[in-house]
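Below is one structure, written out as structure tokens, with a few remarks after it.
The values are calculated or read from the model by the stated rules, or taken from the named source; none is laboratory data. Here the structure is a predicted model, which means the values were calculated and not measured. Note that we place each Cβ from the backbone using ideal geometry, even for glycine, and neighbour counts take in every protein chain shown. Remember, those area values only see protein heavy atoms, side chains included, never the ligands or the DNA or RNA. Shrake-Rupley method; radii C 1.70, N 1.55, O 1.52, S 1.80 Å.
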Amino acid sequence: MYLIIVGAGNIGMPLIQLATADANEVVVVEQDPDVADAAARAFDCLMLNRDATVAETLQEAGADEADAIVSTTDRDATNVMVMLLADQLGIPTRVSVVHDEEHMGLFERIGVNTMEHPQQLIADHLYRAVKQPSVEDVLHLAGEAEIFEITVAEDAPLAGLSLAAADEQGLLGDDGLLVVAIERGNDVLTPRGDTTVLAGDLVTVFSRTGFAPDVLARFDPQGATT
């Protein structure tokens with residue numbers, strides 16, 4: 001994939017790392033010369049120390065070849081200008097950070113995929129990590145629904161039960177709780193009714209009500225009370 005990333009700051013830098021590590025062709029546009037130099041030395045990418053709100057800059061970055069562009073600056077005005085130019089230049093996939101929720105409608109009207117309040121998402125993740133350390137990863141869905149990973153404890157009600165038996169006992173299913181994957185050692189299992197959940201399994205769980213304490217208690221009673 002040919003990817004243009006605008007901004008090499010706190011959000012842009014990890015994105016550059018991910019994109020280059022995945023062997024994408026990456027061009028980074030960063031206006032601050034010191035930040036641009038640091039990113040150019042750290043990653044295998046083409047760095048342009050230019051203003052991304054100028055059409056010629058995006059053309060120089062290879063807009064006619066780009067599969068996608070991501071704008072990660074800390075100013076919504078800059079991000080929306082970059083997205084407008086990218087649309088005019090025909091870049092098919094356009095993604096941007098949005099810092100002020102009042103600006104969301106503008107980005108949506110011009111067909112931009114958005115990430116809202118990245119700092120708040122990080123803060124939420126850190127707080128949850130402190131509050132519920134047994135939960136290892138979380139993906140928020142619509143409403144309260146979440147997908148999360150948790151390691152099954154020795155004293156968990158689910159430990160030693162097949163998924164069918166757990167469902168019969170009311171531990172799964174009826175309240176929107178579903179085990180969607182089980183990582184056991186170096187293997188990843190696709191759960192079926194006769195699959196037994198073992199202590200030490202890292203399970204991926206869909207929960208319609210998120211990881212409320214009563215949900216976590218089924219996998220790790222001690223972690224649910226932290």
Counting other C-beta atoms within 10 Å, and keeping those with at most 13, which DSSP coil GluC sites (Glu not before Pro) do you find in segment 149-226? Glu154
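Would you please classify the overall shape of segment 10-76 from the alpha carbon gyration tensor, given that a ≥ b ≥ c denote the square roots of the eigenvalues, rounded means a/c under 1.5, and beyond that prolate means a/b larger than b/c while oblate covers the rest?
Values: a/c = 1.43, a/b = 1.11, b/c = 1.29.
Here segment 10-76 falls in the rounded category.
Taking square-rooted eigenvalues a ≥ b ≥ c of the alpha carbon gyration tensor, is segment 147-226 rounded, prolate or oblate, where a/c under 1.5 means rounded and, failing that, a/b exceeding b/c means prolate? Could the numbers behind the result be given before it?
Working: a/c = 1.37, a/b = 1.15, b/c = 1.19.
Because its axes are fairly even, with a/c under 1.5, segment 147-226 counts as rounded.
If you count only protein heavy atoms with a 1.4 Å probe, what accessible area per residue comes out for segment 143-226, rounded to a whole Å²? It would help to have the intermediate numbers written out before the result.
Values: 4200 Å² over 84 residues.
That works out to 50 Å² for each residue.
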Solvent-accessible area per residue for segment 13-100 (1.4 angstrom probe, square angstrom): 50 Å²
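Report the gain in length on full extension from Glu101 to Asp187: 0.36 nm times residue separation, minus Cα-Cα distance, nm rounded to one decimal. Before the final figure, lay out the partial values.
Values: separation 86, 0.36 × 86 = 30.96 nm, distance 4.16 nm.
Working it through step by step, the gained length comes to 26.8 nm.
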